[in-house]
1. For Val239, are the conditions met, namely being closer than 19 Å to Ile105 by Cα, open to solvent by less than 30 Å² (accessible area, probe 1.4 Å) and out of contact with any Pro (no Cβ under 7 Å at 6 or more places or on another chain)?
2. Of the residues Thr161, Thr155, Thr225, which single one is farther than 27 Å from Val9 by Cβ, out of contact with any Cys (no Cβ under 9 Å at 6 or more places or on another chain), in contact (Cβ under 8 Å) with a residue 40 or more places away in the chain and of a type in the set (Ser, Thr, Tyr)?
3. Which residue, of Leu17, Leu46, is farther than 24 Å from Leu169 by Cα and in contact with a strand residue (DSSP E or B) (Cβ under 6 Å, 6 or more places away or on another chain)?
4. Go through region 321-341 and give me each residue that's hydrophobic (A, V, I, L, M, F, W, C) and either at pLDDT 80 or above or open to solvent by 60 Å² or more (accessible area, probe 1.4 Å) (or both).
5. For region 1-110, list the strands (runs of 3 or more DSSP E) that sit wholly inside it and hold at least 1 residues that are open to solvent by less than 20 Å² (accessible area, probe 1.4 Å), within 26 Å of Phe125 (Cα to Cα) and acidic (Asp, Glu); which are they?
6. Does Leu234 qualify as being surrounded by 15 or more Cβ atoms within 10 Å (Cβ to Cβ) and at pLDDT 95 or above?
7. Filter region 299-314 for residues that are in contact (Cβ under 8 Å) with a residue 40 or more places away in the chain and over 13 Å from Arg243 (Cβ atoms); which is nearest to the chain's Cα centre (by Cα)?
8. Of everything in region 111-152, what is charged (D, E, K, R) and either free of Cβ contacts under 8 Å to residues at least 60 places away in the same chain or open to solvent by less than 30 Å² (accessible area, probe 1.4 Å) (or both)? Give them in sequence order.
Amino acid sequence: MRITAITCVKNEGPFLLEWIAFNRLIGVTDFLFYSNDCTDGTDALLDALAAKGGVTHLPNPAEGRNYQMEALKDCAHRDVVKAADWVWIADVDEFLNVHVGDHTIPALIAASGNPQAISVTFQFFANDGIGAFEDRPVIGQFTRSHNPDLWCAETAIEVKTLTRRDFPLQYYGAHRPFFRKGLPKEKRPLWTDGSGRRVPHKFLVAENPRRIRRFPAAGAREFATLNHYALRSLDSYLVKNDRGDVNREHRAFDTAYWQERNDPAWEDLSIQRYLPELEAALEDLKSDPEIARLHDASVAAHVARRDELLERAEYRVLAETLRALPPLPPGERELMTELGLAS
């Protein structure tokens with residue numbers, strides 16, 4: 001089974017090897033990376049990985065600043081995507097945590113009944129007071145999240161989607177594919193959630209514009225969860241804030257973004273089942289001297305940028321503000337009270 005992972009990156013050098021190694025463990029065979037405006041060596045590391053095989057690295061084709069959507073429009077015409085049995089579109093801070101079988105994508109597909117698309121629910125992992133960047137697996141450092149059924153004032157949570165080759169595609173979206181307009185009901189794709197259940201009708205047909213990339217999370221994670229490490233360490237969040245959104249312009253990673261994703265109420269260690277194999281796979285990747293050198297250079301650039309930012313008064317204030325914020329995100333206590341869950 002050929003599974004191609006597609007992602008857009010900007011200054012993600014310290015995190016690339018973990019993401020690639022992890023996805024290979026769960027069954028990804030090919031990678032298509034689009035990069036833009038990198039200053040930390042991400043592009044050089046990707047070029048070196050591409051020379052080893054299994055990785056394709058391209059400059060982002062966007063003529064404007066809508067990086068992700070332009071890349072996803074382009075990817076549908078690439079051989080590495082057209083030859084895939086399944087396509088997985090995700091970001092480098094997102095890890096597909098499969099709970100069934102041998103914990104791989106093929107096991108998830110089999111448990112779900114081999115549908116044409118599988119949408120897996122996000123679970124946002126908190127910073128949980130971790131200040132310093134460390135060059136070791138993210139999935140081993142961050143272990144706490146919000147209640148997986150609730151996020152802020154929402155019971156509906158975003159998803160990312162695995163898409164089978166024969167999906168009647170109109171275009172790929174970042175969170176879900178869209179099928180061709182005017183498709184008869186009997187031709188609509190078989191599409192399941194992370195528990196193998198059919199996705200809600202309004203999500204299937206993208207009828208509600210505000211919910212086209214989310215649906216209720218309760219009961220949707222029996223087979224898989226999407227662990228989203230959007231914050232990582234405080235150091236890395238400051239660098240992310242400086243970098244800006246790789247996917248679109250004029251989006252700030254500010255205190256609201258942090259507070260919405262920094263709820264440590266729930267401990268979840270399930271993804272650490274992959275850690276022993278992941279650490280071995282990372283050692284194998286770093287056994288190549290050039291790969292190791294470029295990875296280390298990206299780590300050094302990440303730390304140096306952190307140090308440069310903390311020389312600025314506004315970033316010192318931001319760091320102190322983030323440390324002082326309460327962990328409960330906006331709207332969640334009100335929602336818990338409404339649902340009778342508040343203590």
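The values are calculated or read from the model by the stated rules, or taken from the named source; none is laboratory data. Values in this document were obtained by computation on a predicted structure and should not be read as measured data. A quick note on method: Cβ atoms are made from the backbone with ideal geometry, for glycine too, and the neighbour counts reach across all protein chains shown. Surface accessibility is based on the protein's heavy atoms, side chains included, excluding ligands, DNA and RNA. Shrake-Rupley method; radii C 1.70, N 1.55, O 1.52, S 1.80 Å.
1. On the way: closer than 19 Å to Ile105 by Cα: no; open to solvent by less than 30 Å² (accessible area, probe 1.4 Å): yes; out of contact with any Pro (no Cβ under 7 Å at 6 or more places or on another chain): yes.
Against the criterion (closer than 19 Å to Ile105 by Cα, open to solvent by less than 30 Å² (accessible area, probe 1.4 Å) and out of contact with any Pro (no Cβ under 7 Å at 6 or more places or on another chain)), Val239 does not qualify.
2. On the way: Thr161 fails: farther than 27 Å from Val9 by Cβ; Thr225 fails: farther than 27 Å from Val9 by Cβ.
Sole residue among the options that is farther than 27 Å from Val9 by Cβ, out of contact with any Cys (no Cβ under 9 Å at 6 or more places or on another chain), in contact (Cβ under 8 Å) with a residue 40 or more places away in the chain and of a type in the set (Ser, Thr, Tyr): Thr155.
3. Details: Leu17 fails: in contact with a strand residue (DSSP E or B) (Cβ under 6 Å, 6 or more places away or on another chain).
After ruling out the rest, the residue left standing is Leu46.
4. At the first step, the residues of region 321-341 found to be hydrophobic (A, V, I, L, M, F, W, C) are 322, 324-325, 328, 335-336, 339, 341.
Leu322, Ala324, Leu325, Leu339, Leu341 - these are the residues of region 321-341 that are hydrophobic (A, V, I, L, M, F, W, C) and either at pLDDT 80 or above or open to solvent by 60 Å² or more (accessible area, probe 1.4 Å) (or both).
5. Details: elements: 3-9, 30-35, 55-59, 86-89, 94-98.
Ranges flagged: 94-98.
6. Yes: the conditions hold for Leu234.
7. So the first thing to find is which residues in region 299-314 are in contact (Cβ under 8 Å) with a residue 40 or more places away in the chain, and the list is 299, 301-303, 305-306, 309-310.
Next cut, over 13 Å from Arg243 (Cβ atoms) only: 299, 303, 310.
Values: Val299: 20, Val303: 22, Leu310: 27 Å.
Here the residue is Val299.
8. From region 111-152, those charged (D, E, K, R) are 128, 134-136, 144, 149; that's our starting set.
Within region 111-152, Arg136 is the sole residue that qualifies.
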